[in-house]
Each structure stands twice: as structure tokens, then as C-alpha cells.
Amino acid sequence: MSTEKIILGIDPGTTIMGFGLIKVVGKKMEFVQMNELLLQKYNDPYTKLKLIFERTIELIDTYHPDEIAIEAPFFGKNVQSMLKLGRAQGVAMAAGLSRQIPITEYLPKKIKMAITGNGNASKEQVAKMLQSVLGLKTLPKNLDSTDGLAAAVCHFYNEGRIEVGKSYSGWASFVKQNEGRVKK
């Protein structure tokens with residue numbers, strides 16, 4: 001009997017949210033789709049968060065993913081950028097958790113390593129490797145959608161490994177795993 005499941009990968013962002021879906025049949029993965037949510041034209045940050053939540057719910061209700069893989073925000077030089085990314089990630093996670101879908105976070109370096117074998121690979125290198133592995137005819141202009149797809153493929157490659165990242169199966173597990181991180 002062949003097992004089948006859908007993995008939704010998300011690259012959260014407040015300018016562009018990239019996402020990709022793969023279907024896993026047995027031990028093989030198949031490309032389903034990738035796209036992006038363009039948010040540049042919205043000035044209000046709360047409108048952006050609402051749109052991220054709604055688009056994630058729409059993807060869940062349309063494709064019925066069994067699992068979600070999401071890129072974790074990384075600390076750069078700009079703290080404000082990281083806070084915005086964290087909010088975008090949190091809203092996408094909340095959408096998945098509201099539908100009881102297990103979520104796993106992956107650091108950008110871990111995703112790049114899984115796809116290319118190099119944790120410092122460029123977006124272009126990741127996109128080209130995905131194009132080769134999944135047989136994609138063309139690549140999108142913006143590579144945010146391939147970053148979302150890369151999160152899903154990374155999750156597929158890391159299945160069955162004991163330490164894959166932070167995983168949450170619902171609100172209770174999210175709260176339990178993060179209770180020590182919030183100061184009261």
C-alpha cells in the first residue's frame with residue numbers, strides 16, 4: 001500500500017510570501033505548485049498579516065496539506081526586519097495550527113544544505129537544483145516561491161530523522177515548547 005501526503009512549504013515575508021507544494025507518494029516527491037503572495041502595494045502592516053493568514057488558510061483548504069514546513073526568520077543586521085519576518089511567520093503558523101496541521105521550522109542554512117549540499121548557497125543555486133530535481137520547465141522571476149518550495153523539499157529529505165527542527169502539532173505543543181522563552 002502506497003502512502004501519500006502533501007507538504008506545504010512557506011517562505012514568510014511581509015513584501016513577498018513564497019510558497020510551494022509537493023506531493024509525496026511512497027518515497028518519491030512530485031511537484032504540485034509554487035507561487036507567491038505579493039504584498040508590496042499594501043502599506044498597513046496589519047493588512048499584510050491578515051492577507052498572509054488568509055492566503056495560508058486558502059492554500060490549506062484547497063490542497064489539504066498533511067504537514068507544513070516553514071523557513072525560520074534569521075537574525076541579520078536589522079532587528080526591525082527580523083521582527084516583521086517573525087510576525088509573518090507567526091501568522092502563517094497560526095493558520096496551520098488553526099487547522100491542526102503539524103508544522104516544522106527550518107533555518108535557511110538547513111534548507112540550503114538539504115537542497116544543494118551547501119548551507120551558504122544562493123537563491124539561484126537552490127532554484128536551479130529544485131528545477132533539476134523536480135523537473136520544472138521554468139523558474140519564476142522572483143525566487144521567493146522557490147524558497148517556499150525548498151522548505152517543503154527540505155522537509156521531505158529530513159523525514160524520519162530524529163532532529164529536524166522545531167515541530168508543532170497544535171497550539172498546546174507550541175505553547176509547551178515555547179513556555180520558557182517568554183519572560184513574565
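The values are calculated or read from the model by the stated rules, or taken from the named source; none is laboratory data. Values in this document were obtained by computation on a predicted structure and should not be read as measured data. Cβ atoms come from the backbone with ideal geometry, glycine included; neighbour counts cover every protein chain shown. Surface accessibility is based on the protein's heavy atoms, side chains included, excluding ligands, DNA and RNA. Shrake-Rupley method; radii C 1.70, N 1.55, O 1.52, S 1.80 Å.
Remarks
- Scanning the stretch 38-47 for residues that are open to solvent by 30 Å² or more (accessible area, probe 1.4 Å) and either within 19 Å of Gly86 (Cα to Cα) or touching a residue at least 40 places away in the same chain (Cβ under 8 Å) (or both) turns up Leu38, Gln40, Tyr42, Asn43, Asp44, Pro45, Tyr46, Thr47.
- On inspection, Gln80 does not qualify as surrounded by fewer than 21 Cβ atoms within 10 Å (Cβ to Cβ), farther than 23 Å from Leu139 by Cα and either of a type in the set (Asp, Glu) or in contact (Cβ under 8 Å) with a residue 60 or more places away in the chain (or both).
Matching residues to (1) open to solvent by less than 10 Å² (accessible area, probe 1.4 Å); (2) under 20 Å from Pro140 (Cα atoms); (3) in contact with a Leu (Cβ under 7 Å, 6 or more places away or on another chain):
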{"position": "Ile16", "(1), (2), (3)": "no, yes, yes"}
{"position": "Glu30", "(1), (2), (3)": "no, yes, no"}
{"position": "Pro73", "(1), (2), (3)": "no, no, yes"}
{"position": "Gly96", "(1), (2), (3)": "yes, no, no"}
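- Residues that are more than 18 Å from Leu21 (Cα to Cα), open to solvent by less than 70 Å² (accessible area, probe 1.4 Å), assigned to a loop (DSSP other than H, G, I, E, B) and aliphatic (A, V, I, L, M) do not occur anywhere in the stretch 107-118.
- Residue match in the stretch 84-93 (condition: open to solvent by 20 Å² or more (accessible area, probe 1.4 Å) and assigned to a strand (DSSP E or B)): no
- Test: residue in the stretch 49-70 that is under 22 Å from Phe156 (Cβ atoms), in contact with a Pro (Cβ under 9 Å, 6 or more places away or on another chain), open to solvent by 30 Å² or more (accessible area, probe 1.4 Å) and touching a residue at least 40 places away in the same chain (Cβ under 8 Å): yes
- In the stretch 1-14, of all residues being hydrophobic (A, V, I, L, M, F, W, C) and in a strand (DSSP E or B), the one that is most open to solvent (accessible area, probe 1.4 Å) corresponds to Ile6.
- Test set (1) of a type in the set (Phe, Trp, Tyr); (2) under 18 Å from Pro73 (Cβ atoms); (3) modelled with pLDDT of 95 or more - Tyr168 fails condition number: (3)
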